[in-house]
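**Student:** Got a structure for you, written out below as C-alpha cells; questions coming shortly.
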Amino acid sequence: MATAPGSPDRPIGQSRSWTGSVGGGRAAGVAEAARQRALEDTIDFVDDAEAYSFAYGLRTPRVVVSRGLADRLGLDELQAVLAHEAYHVKSRDPLKIVITRAMAPAMFFLPVLRPLHERYAVGRELAADRRAIRASGTSALARALLNVGGGPPLSDLSAAAAIGGPDMLDVRVAQLETGMEPELPHASRLTTVISATVLAAVTAALVWTAATMAGRGMSDMMM
C-alpha cells in the first residue's frame, strides 16, 4: 500500500479503468471489496504479476491494484488493502505528499524539512493502517502486508511505500503488534539548530529590508 504522486487524473503506465475481468475468480472479490470501500469508480487495474497497490493523482486521487495483488490475497485481505487506500484517497494524501516532498529541495537552506517530510509520510501510512484495522481487523492487514512483494515497477511515481515493501514495514508491523502508533524518529539536534539559525537570519534580513524601504519611503514623502 502506498501513496504516490503520479500524474494527476489519468491512468498510469499500463493501468486501465476497472472492467471486472481481473484475475479470473479474483475479479468478483476485488470488485466487491472496492464497492464496500466506495472505490468502485476509482480503481485502475495493472496487468502485472507483482503484488501491489497505491494511491495516485493530485486533483482526483485514484487507486491502482495489480493483478498479482488480486491473485494473491483473500477477500478480507483485499478489503483491508482497499480500506487503507480509501483513507489516502479521502485524505488527498498524494497531493499532500507532493507538497511536503517539494518543500525540502525548494527550501534547501532548511535541512530540517527533509526529515520532517519523511516523518510525515510515515505518519500518513500509519494512519491509513489504523483505518484499515478498524475496518477489517489486525490479522487481515497483517497478512496483506506480509504476503505481498515489493512495489510498483514505475520509478517515476516516487511511491512513498509499497504494500509489503521494506521502506516503512518495520514501523507498520510494530503498530500492528502493539496496537499503538510507534515513536517516530525526530530530526537531529544539529539539523534543527542549523535550520532555526538560518530561519532567524532570513527573518531578520526581511525585517531589516522592510524597515529600510519604509524609512526611504517616509524620507521621499518629506522631501
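**Student:** Order of 109-116, 170-177 by packing, highest average Cβ count within 10 Å first?
**Tutor:** Ranked from most to least packed, the peptides come out as 109-116, 170-177.
**Student:** Please report the orientation-averaged projected area of the range 50-129, defined via the convex hull of its C-alpha atoms, in nm². Write out the running numbers ahead of the final one.
**Tutor:** On the way: hull surface 23.1 nm².
Hull-based average projected area comes out at 5.8 nm².
**Student:** Would you mind putting 88-98, 134-144 in packing order, based on average other-beta-carbon counts within 10 Å, highest first? If you can, show how the numbers build up before the last one.
**Tutor:** Working: 88-98: 20.5, 134-144: 18.9.
So the peptides 88-98, 134-144, ranked by packing, come out 88-98, 134-144.
**Student:** How much net charge surrounds Pro115 when only the other residues with a Cβ under 13 Å from the Cβ of Pro115 are counted, with Lys and Arg +1 and Asp and Glu -1?
**Tutor:** Neighbour charge sum, excluding Pro115 itself: +3.
Any read-out appearing in this document is the output of simple, stated calculations on the displayed coordinates, not a laboratory observation. Worth saying up front: this structure is predicted, and the values here are computed from it rather than measured. Ideal geometry is used to build each Cβ from the backbone, glycine not excepted, and the neighbour counts take in all protein chains shown.
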